[in-house]
1. Between ASP28 and GLN60, what is the label-point separation in nm under the 7 Å Cα-to-beta-carbon projection?
2. Select from region 244-350 those GluC sites (Glu not before Pro) which occupy a DSSP coil region and have at most 14 other Cβ atoms within 10 Å, ordered by residue number.
3. Over the chain, average the accessible area per residue using a 1.4 Å probe and give it in Å², no decimals.
4. Multiplying the sequence separation of LEU219 and THR46 by 0.36 nm and subtracting their Cα-Cα distance, what value in nm do you get?
5. Once amide H atoms are built 1.01 Å from N in the peptide plane, which residues 5 or more positions from VAL143, or in another chain, come under 5 Å H to H?
6. What number results when the radius of gyration of the chain, computed over Cα atoms, is divided by 2.2 N^0.38 Å?
7. How large is the Rg to Rh ratio of region 243-327 when both quantities use alpha carbon positions and Rh follows Kirkwood?
8. Taking the chain as a Gaussian network, where each spring joins two C-alpha atoms under 10 Å apart, which residue of LYS103, LYS27, LYS74 fluctuates the most?
Amino acid sequence: MAVENLSAVLHSKMDLRVEKWPIPEPKDGEVQVSIHSTGICGSDLTLYSKGFIGDFVVRQPMILGHESSGIVSKLGEGVTNLKVGDRVALEPGIPCRRCEFCKIGKYNLCPDMVFFSAPPHHGTLTQFTTLPSDFCFRLPDHVSMEEGALLEPLSVAVYACTRAGVTIGKRVLVAGAGPIGLLAMMSAKAYGASEVVITDISQSRLDFAKKMGADHILLVDTKDAQEMAGRVKDTLGGRMPEITIECSGAESAMQMAIYATKSGGVVALVGLGAPDATLPIVDAACREVDIRAVFRYCNSYPSALELLSTGRVNVKPLITHRFSLEQTLEAYDAAMGRSGIKVMINCTRQ
């Protein structure tokens with residue numbers, strides 16, 4: 001294999017290098033993709049700054065990144081659904097297809113999942129990668145490569161809305177106005193929510209959320225979850241949201257999510273924070289507030305692509321910083337500074 005595959009390689013905590021790695025060749029049923037755009041995700045930042053995320057520990061050099069789009073550059077044996085030159089978005093989680101979870105369609109729970117940039121598996125912040133052809137989604141001509149890369153976080157938001165049961169007329173609270181929270185807010189609106197409230201500790205992010213379509217914004221300036229829940233109710237004119245989508249992972253936000261949600265409603269937990277959290281479980285139990293976990297996504301890419309391609313969700317304004325692959329270290333510094341929303345890296349050969 002030719003050694004001309006520029007890649008962003010994490011060797012250990014805070015040791016990120018741009019190196020030339022071998023170009024991978026597609027196996028049967030796979031395609032080789034020339035990566036165009038890759039977004040930086042919060043999990044990438046955690047791996048970079050800590051050297052681990054949850055039980056996933058960086059023990060050997062690995063390529064970062066999993067929010068990507070690109071152009072099919074080579075076909076493996078037996079591939080018929082794509083052709084060289086197709087523009088595609090990459091779904092970066094490849095299940096075993098054989099376990100009980102895969103067979104019932106919950107492949108995101110597959111115990112043998114190969115998820116790009118989850119150690120020890122390499123990611124897509126590189127010029128070339130390979131993956132099964134059925135985990136590539138062809139992009140319409142009017143959808144840009146950058147938009148295609150953001151199908152990954154949009155799929156998280158779509159799956160959260162699906163798990164939570166967002167439908168026409170529902171009132172929704174979104175906790176956290178980072179990229180996932182913003183996309184959850186926009187997806188909830190696209191799914192027909194009548195009012196969406198979004199909370200955050202940053203006024204600038206809330207102002208951005210308002211521009212992106214949030215009906216109400218609410219600054220979090222206290223860790224008193226019950227007080228914040230009361231403010232949510234006041235913001236909605238004395239009504240409580242039937243659904244809360246928690247995207248921050250903060251303990252106080254999860255507590256607020258339960259207190260704020262209407263009896264008989266649903267709390268969807270998307271954000272990942274500390275391994276343990278103290279939650280008002282008795283309050284949830286006595287009011288039949290369902291708590292539903294959301295892990296990545298499952299069968300969500302087609303719906304997310306539909307929302308994007310029809311213009312029901314506009315992800316373009318979320319991209320606030322752009323860098324080349326050679327500028328990956330600067331890109332990560334910008335993302336760590338959290339001065340913008342989404343940092344996008346162009347992986348094409350310069």
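The values are calculated or read from the model by the stated rules, or taken from the named source; none is laboratory data. The structure presented is a predicted model; accordingly, all values stated were derived computationally and were not measured. Note that each Cβ is placed from the backbone with ideal geometry, even for glycine, and that neighbours are counted across all protein chains shown. We work out accessible area using only protein heavy atoms, side chains counted, and drop any ligands, DNA or RNA first. Shrake-Rupley method; radii C 1.70, N 1.55, O 1.52, S 1.80 Å.
1. Roughly 2.5 nm, to one decimal.
2. Values: sites: GLU246, GLU251, GLU288, GLU306, GLU326, GLU330; in loops: GLU288.
Those satisfying the criteria are GLU288.
3. Working: 15130 Å² over 350 residues.
Roughly 43 Å² per residue, with all protein chains present.
4. Values: separation 173, 0.36 × 173 = 62.28 nm, distance 2.51 nm.
Contour length minus the Cα-Cα distance gives 59.8 nm.
5. Amide H neighbours of VAL143: none.
6. Details: Rg = 20.1 Å, N = 350, 2.2 N^0.38 = 20.4 Å.
This ratio for the chain stands at 0.99.
7. Details: Rg = 17.0 Å, Rh = 15.4 Å.
Using only Cα positions, Rg/Rh for region 243-327 is 1.11.
8. So, out of LYS103, LYS27, LYS74, the one fluctuating most is LYS103.
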